[in-house]
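Accompanying notes for the structure given below.
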Amino acid sequence: MSASRKCPNCGKWSRWTQNPADRCEHCNSVLDPVAIAREQAREERREEEKKRLSINFIEINPDDAWYTQFFKRIGLGFQIAFVSIISFFLWLIALLAG
Ligand SMILES: [Zn+2]
């Protein structure tokens, strides 16, 4: 699909392939800065969601005292159970929605 778009910088018409990364043939400025900003915002939101979803599991250090290791193992068990339940619900929701 080929179209042309008026360059927001120099005002000349330039070939545009609907790609947000397309640049003006005359002044080499971005033809669709809004699309690029939108794309970046979406990317940032995705990164943030990934960060929120990732759970830092407790690390068991072999140098820890036996009772520290014991409680860490219990905590880790709860974390794994929690993640399993969340995954199960996500799977269930996906199943019901489909
Ligand atoms: Zn231009």
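The values are calculated or read from the model by the stated rules, or taken from the named source; none is laboratory data. Keep in mind that this is a model prediction, so the values were computed, not measured. Note: areas computed on protein heavy atoms with side chains; ligands, DNA, RNA excluded. Shrake-Rupley method; radii C 1.70, N 1.55, O 1.52, S 1.80 Å.
Over the range 1-54, accessible surface divided per residue gives 82 Å², non-protein components excluded, 1.4 Å probe. Relative contact order of the chain: 13 percent, from C-alpha pairs under 8 Å at least 6 residues apart in sequence. Principal-axis analysis of the Cα atoms of the chain puts helix 33-53 at an angle of about 0° to the longest axis. Accessible surface of Lys72, taken over heavy atoms with a 1.4 Å probe and every protein chain present, rounds to 50 Å².
Converting the Cα gyration tensor eigenvalues of the range 1-54 into ellipsoid dimensions via √(5λ) gives semi-axes, longest first, of 30, 11, 7 Å.
Roughly to the nearest percent, how much of the accessible area of the range 55-98 is carbon and sulfur, given a 1.4 Å probe? Reported share for carbon and sulfur atoms: 72 percent. The 3J(HN,Hα) values that the Karplus relation (6.51, -1.76, 1.60; θ = phi - 60°) gives for the range 20-27 are, in residue order, x, 8, 4, 10, 5, 6, 9, 10 Hz. Gly and Pro appear as x. Taking the Cα atoms of the chain, the ratio Rg/Rh between the radius of gyration and the Kirkwood radius comes to 1.36. Here is how the number arises for the chain: DSSP H runs of 4 or more residues each give -39500 (n - 2.57), the sum is divided by the residue count, and the result at 222 nm is -19500 deg cm²/dmol. Given a 1.4 Å probe and the protein chains as shown, Ile58 ends up with an accessible area of around 60 Å².
Computed from backbone phi with θ = phi - 60° and the Karplus coefficients 6.51, -1.76 and 1.60, the 3J(HN,Hα) list for the range 56-67 is 7, 6, 5, 9, 9, 8, x, 7, 5, 5, 4, 6 Hz; x is used for glycine and proline.
Residues in the range 55-98 average 87 Å² of solvent-accessible surface per residue, probe 1.4 Å, ligands and nucleic acids excluded.
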